[in-house]
Amino acid sequence: MCKLTIAIDAMGGDVGPHIPILAALKSLQIYPNLYIVIVGNRTQILPVLKKNQLLEHPRLSLIHTDKVTSMEVNPVYALRHTADSSMHIALKLVAQGKADACVSSGNTGALMLLAKQALKTLPGISRPALISSLPNMHLGHTYMLDLGANLQCDSNTLFNFAVMGSVLCEKVDQINSPRVSILNVGKENNKGGDVIQRCAALLKQTKHINYAGFVEADELFTCRSNIIVSDGFSGNIALKSCEGMGRVFSEQLDKAINSSLYSKLLGRLLRPILKKQLKHLHPDMYNGASLIGLRGIVVKSHGSANEIAFTYAIEHAVKEIQWQIPASISKKLETVLSERDCLLHE
């Protein structure tokens, strides 16, 4: 059983280091070959480690820094002035080969710029993309990228996203020839701007990608495709809209259940059934967006993630390590980009 090492930026989230530390403890219990390096302020971390009897854990270590990349800091400023922050140190551990992956719930923009500087992008990739999974109606999930790392993209960048998402889905979910679609304002072939049209034309002609056409936003959860590609602007709006609608649905359901004595009694009967049926929709299960296209593995957790959600982010990092996602992407890129270049010069 191969040794896996994950560096965790313990200072990046909204709620302090106790959440990533509790998630680390749970992950160490799940994976006997996992080693975790906690990076952060020892003054805040040591009491949590002591409380959870982790001070002498043989597979957990601590690197101290009192510098933090805050949620409010400008990403460019973070790139120039936060070389000793917990986020930057965790990323450098991956770059130096001392860790196989980094997990952080910190500033997304800063994480992207710092990761790109520390790890560099794969050959043929100019921009890493933020990818995560969404639940679908068949109790599975669909990957979507980009989710906000690149607000504007040209057709070649979208094409690269399709390749990277295809590899991630193929390896992690063990799906042969996963279906890839582009998010658009309509399913018809003539819909969408020039960038989307050019990307679609390239994907149609690429035999190494199983292109399934355009999808509209109302099809994100239908399982028609395994990967949905978009620019970061559209992808982020689509994701946040879905999250907002989920909160509205949950609040309205609670109001309806508590509106009368009869509905409360009925709710007591229905809650276990609803909980079981809707378990796969819980956002904690989909915490952990990966920055793919880098020469190392970086997983971004929600800043407000709880222990369970952060554990899922660590689990996702473990899967990417096990399947050697950067190397797999690089291998497929070499083949597919060569094919794309031939198509562009025809």
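The values are calculated or read from the model by the stated rules, or taken from the named source; none is laboratory data. As the structure is a prediction and not an experimental result, all values here were calculated from the model. Note that we place each Cβ from the backbone using ideal geometry, even for glycine, and neighbour counts take in every protein chain shown. Just the protein is used for accessible areas: all its heavy atoms, side chains included, with ligands, DNA and RNA removed. Shrake-Rupley method; radii C 1.70, N 1.55, O 1.52, S 1.80 Å.
Couple of notes before you dig in:
- Under a Gaussian network description of the chain, with springs only between Cα atoms under 10 Å, the residue in Lys92, Lys255, Lys50 that fluctuates furthest is Lys255.
- Amide H contacts of Ala149 (H built 1.01 Å from N, under 5 Å, at least 5 apart or other chain): Leu130
- Extended-chain gain in nm, criterion 0.36 nm per residue less alpha-carbon gap, Cys223 and Glu307: 27.4 nm
- Taking Pro128, Pro326, Pro32 as the candidate residues, the one with maximal mean-square fluctuation in a Gaussian network model of the chain, Cα springs under 10 Å, is Pro32.
- Those aspartates and glutamates that a straight Cα-Cα span of less than 20 Å connects to Lys67, excepting residues fewer than 8 apart in one chain: Asp9, Asp14, Asp84
- As a length-normalised measure over Cα pairs under 8 Å and 6 or more apart, the relative contact order of the range 135-255 settles at 42 percent.
- Taking a ≥ b ≥ c as the square roots of the eigenvalues of the alpha carbon gyration tensor, the chain is oblate, as a/c is not under 1.5 and a/b does not beat b/c.
- Charge dipole (debye, nearest 20) of the chain; +1 at Cβ of Lys and Arg, -1 at Cβ of Asp and Glu: 760
- The local environment of Gly193, defined by Cβ-Cβ distances under 12 Å, has a net charge of -1 under the rule Lys, Arg +1 and Asp, Glu -1.
- For the chain: relative contact order, % (alpha-carbon pairs under 8 angstrom, 6 or more apart): 22
- Highest-first packing order for the peptide set 298-308, 143-153 is 143-153, 298-308, based on the mean count of other beta carbon atoms within 10 Å.
- Top of Leu239, Leu253, Leu62 by mean-square fluctuation, Gaussian network on the chain, Cα under 10 Å: Leu253
- Under 5 Å, built H, 5+ apart or other chain: amide partners of Val298: Cys102, Leu291
- Whole-number percent relative contact order across the range 1-108, with pairs defined as alpha carbons under 8 Å at least 6 apart: 38
- Amide hydrogen proximity for Phe214: with H placed 1.01 Å from N in the peptide plane, the residues at 5 or more positions away or on another chain lying under 5 Å are Ile182.
- Cross-linked pairs Lys98/Lys120; Lys92/Lys204; Lys116/Lys171: Cα-Cα separations exceed 27 Å for Lys92/Lys204.
- Cα→Cβ-extended label distance, 7 Å offset, between Gln205 and Lys264, nm: 6.7
- Averaged over its residues, the chain has an accessible area of 49 Å² per residue, based on protein heavy atoms and a 1.4 Å probe.
- Per atom type, the chain shows carbon and sulfur on 54% of its accessible surface, probed at 1.4 Å.
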